[in-house]
Amino acid sequence: MDQPTRERLLHAEAARYGITPDVIDRAVGVIAAVQRRDRADFREHFGTELTPDRWLAAHGVSGFRELCAYAARKAGLGDDGELIMRIVSAIAPQPEQRADDRPLQFWARPLTDPAEAACPAYRVTYEDPRADISPGFDWSGALLRRTLHEATGRGPGAASLEEATGVVAFTDGDLRGTYVARPAPAHAQPTCARCGQWEGEHALHERFGSCPEFIALAARLAVVPVP
């Protein structure tokens, strides 16, 4: 099905519910933007394409429903994600089959040791279905491991690990949302020789838990006497 035909079908389906073409286009544009971001991340980290069936396996129907609710809010339709989901699903193409569609272990298991979060850098987002999607921030692996240790050591905090992707999800105390840390090795920065965190994470060391002063590894090596 070509794009013009798909758009005509989308507009016709939306019209059945009294939704104008510009509004449904705005909602679908939000969904497409999020999925483009996910495909780019998947391609960067795994060197292959994130097909629709893989995306659904990773996020589940509930994840798609939350995305549709977010798109509905952005399009001015309130929280009627079910309606957007119904319209989009009616005209969505069947999942593509590719030669590399091998089964992937997207399910998660409890993360019991913060050291299992072994990537040098992560893109961390705070995800709450009742709030706007966060663009996220880059964290050093050391900062994530420290945060996991603290978050799971107090109150009801818990963490999980997707072994196939390295994605870590964790909750912190009574916060209603979930932190999701996706491996981003290409974003790694030089680490402190003493605490392992990045220089920028030392600016607010009381908050991020780094040591008080960033020490470059090269500077640390320079003061070691040569035998």
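We did not get these values from a lab; they are worked out from the coordinates using the rules stated. It should be emphasised that the depicted structure is a prediction, and the values quoted were computed from it without experimental measurement. A quick note on method: Cβ atoms are made from the backbone with ideal geometry, for glycine too, and the neighbour counts reach across all protein chains shown.
Summary of values
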{"read-out": "Using a Förster distance of 41 Å, the FRET efficiency for VAL23-ARG43 (Cβ separation, nearest 0.05)", "value": "0.85"}
{"read-out": "Peptides ranked, highest mean first, by Cβ atoms within 10 Å: ranges 119-125, 189-195", "value": "119-125, 189-195"}
{"read-out": "Spin-label model distance (nm) - ILE215 vs SER89, 7 Å beyond Cα toward Cβ", "value": "5.8"}
{"read-out": "Label point 7 Å beyond Cα of ALA33 along Cβ direction - residues of region 69-91 with amide nitrogen under 17 Å", "value": "69-78"}
{"read-out": "Given charges at beta-carbon only (K, R positive; D, E negative), |dipole| of region 115-215 in Debye", "value": "80"}
